[in-house]
Amino acid sequence: MKTHRYSTRGAILLLVAWLSFSGFVSGQVLGADPRSPRFLQPAGVPARLVIKRNPNLGFNVIVRLWIDGQPAGSIGYGHTFEGFLAPGHHVLAVLASPSPRWPVPWQLPVDVRSGQTYGFTAVTNGSGNLILDGRFGFPPRVQ
């Protein structure tokens, strides 16, 4: 049976403790919802935001989304953005990537009500700008 000196045993215990702690911390970070601290506030029930991407934009175009000036996500081909917004006034902005025709994001002000669902589709308008259109695939919600 092989014996270890006390310094080696201490180093092994320290390494095991460090690996356990870093695994716990990384699990906490990966399990957290990155959007919730920025876009949710405790006042009122949040509203749901769904943004679909029109497939006619092409495979290589990525829709970059900002909410209130903060990056909120990127929507690739065949994907949809789903998130939550606190009630109140917000500004949604989108920009096509990687080579936008106009480098300034198109903006849409939205007054969000508690518990509502807001659905948009990222499409191009007649001048080639990427916009959010609320007419495609989202019938008006009756209360």
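If I take R0 = 30 Å and measure r between the Cβ atoms of THR124 and PHE84 in this structure, what FRET efficiency does the formula 1/(1 + (r/R0)^6) give, to the nearest 0.05?
E between THR124 and PHE84, to the nearest 0.05, is 0.65.
Bin by bin, in steps of 10 Å, what percent of the Cα pairs in the range 61-121 do you find, going until the bin that has the longest distance?
Per 10 Å bin, starting at 0, the Cα pair percentages come out as 21, 54, 23, 3.
Using mean Cβ contacts within 10 Å as the protection proxy, how do 85-95, 68-78 order, highest first?
85-95, 68-78
For ASN60 and ASP111, FRET efficiency with R0 = 22 Å and r from the beta-carbon atoms, rounded to 0.05?
Approximately 0.05, to the nearest 0.05.
Just to be sure I understand the model, the point goes 7 Å from the Cα along the line to the Cβ. What's the resulting ASP133 to ASP68 distance in nm?
3.0 nm
In nm, give the distance between the simple-model label positions of ARG48 and VAL91, each being 7 Å from the Cα along the Cα-to-Cβ direction.
The two pseudo-label positions are separated by 2.8 nm.
Just to verify a number: FRET efficiency for TYR77 and ARG101, C-beta to C-beta distance, R0 = 22 Å, to 0.05?
Step by step, r from the Cβ atoms, then E = 0.75.
Laboratory data are not the source of any read-out in this text; all were calculated from the coordinates shown. From a predicted model like this one, the values you see are computed outputs, not experimental measurements. All Cβ positions, glycine included, derive from the backbone under ideal geometry; neighbour counts span all protein chains shown.
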